[in-house]
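Heads up, the thing below is written out as structure tokens.
The values are calculated or read from the model by the stated rules, or taken from the named source; none is laboratory data. Predicted, not measured: the structure shown is a model, and the values here were computed from it. Using ideal geometry, Cβ is built from the backbone for each residue, glycine included, and neighbour counts are taken over all protein chains shown. Side chains included, ligands, DNA and RNA excluded: accessible areas come from the protein's heavy atoms. Shrake-Rupley method; radii C 1.70, N 1.55, O 1.52, S 1.80 Å.
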Amino acid sequence: MAELATIARPYAEALFQAAGAQGPQTAEWLQALAAVAAHEPLLAFAADPKVTAQQVYDVITGVLPQPLPPLGQNFLRTVIDNDRLRVLPEIAHQFQALLNERQGVADARVESAFPIEGAALDELKTVLEKRFGRQLRLQVQVRPELIGGVRVVVGDEVLDTSVKARLEQMRVALTA
């Protein structure tokens, strides 16, 4: 996994510099490219020695919801020419991290035993932003195995207030 991150970093940084003020729009089409490149049949097609780089490019651009801007076209051709399609999801991830850093925002994954919506989500967002000291973009995932409470992941920081985590802490304390 670290190898993919190492390979993806220069691509993400170069694209970030080239995108400039167009960062949010670039992130959109880059996410679309990453979603397409995550499909194994496409990667198998691209790896076929009988298939040309132009054919791979045509297939990818043919399934995208919107046409790529010139920067996107050049970027995709570079990725294909250097046989880095498999790395596109990691490039998109690192690009989004650079964009978040510039905007002072962080992505947060909120795992909850029950759906959280509306006012409850807004209240949770306010509390979490205060706790983590930055603006957060929340993505809620329902995980019934947590029993109750929430588990929040922001970058490499984890805040686990779930019932499952508390029960595990009690189990460890009782068996120690």
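Numbers below:
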quantity	calculated
For ALA38: the one exception among (1) within 30 Å of LEU159 (Cα to Cα); (2) in contact (Cβ under 8 Å) with a residue 60 or more places away in the chain	(2)
Residue within the range 81-89 that is without any contact (Cβ under 8 Å) to a residue 40 or more places away in the chain and in contact with an Asp or Glu (Cβ under 8 Å, 6 or more places away or on another chain) present	no
Close pairs from the range 162-176: first farther than 10 Å from GLY148 by Cα, partner assigned to a helix (DSSP H, G or I) and polar (S, T, N, Q), Cβ under 8 Å, at least 6 apart	none
Extreme residue, farthest from GLN73 (Cα to Cα), among residues of the range 14-34 that are aliphatic (A, V, I, L, M) and free of Cβ contacts under 8 Å to residues at least 24 places away in the same chain	ALA21
Test: residue in the range 117-136 that is more than 29 Å from GLU13 (Cα to Cα), over 16 Å from the mean Cα position of the chain (by Cα) and assigned to a loop (DSSP other than H, G, I, E, B)	yes
Of residues in the range 120-144 being touching a residue at least 24 places away in the same chain (Cβ under 8 Å) and open to solvent by 70 Å² or more (accessible area, probe 1.4 Å), the one farthest from GLY104 (Cα to Cα)	PRO144
Scan of the range 145-162 for residues that are under 15 Å from GLY104 (Cα atoms) and open to solvent by 40 Å² or more (accessible area, probe 1.4 Å), ordered by number	GLY155
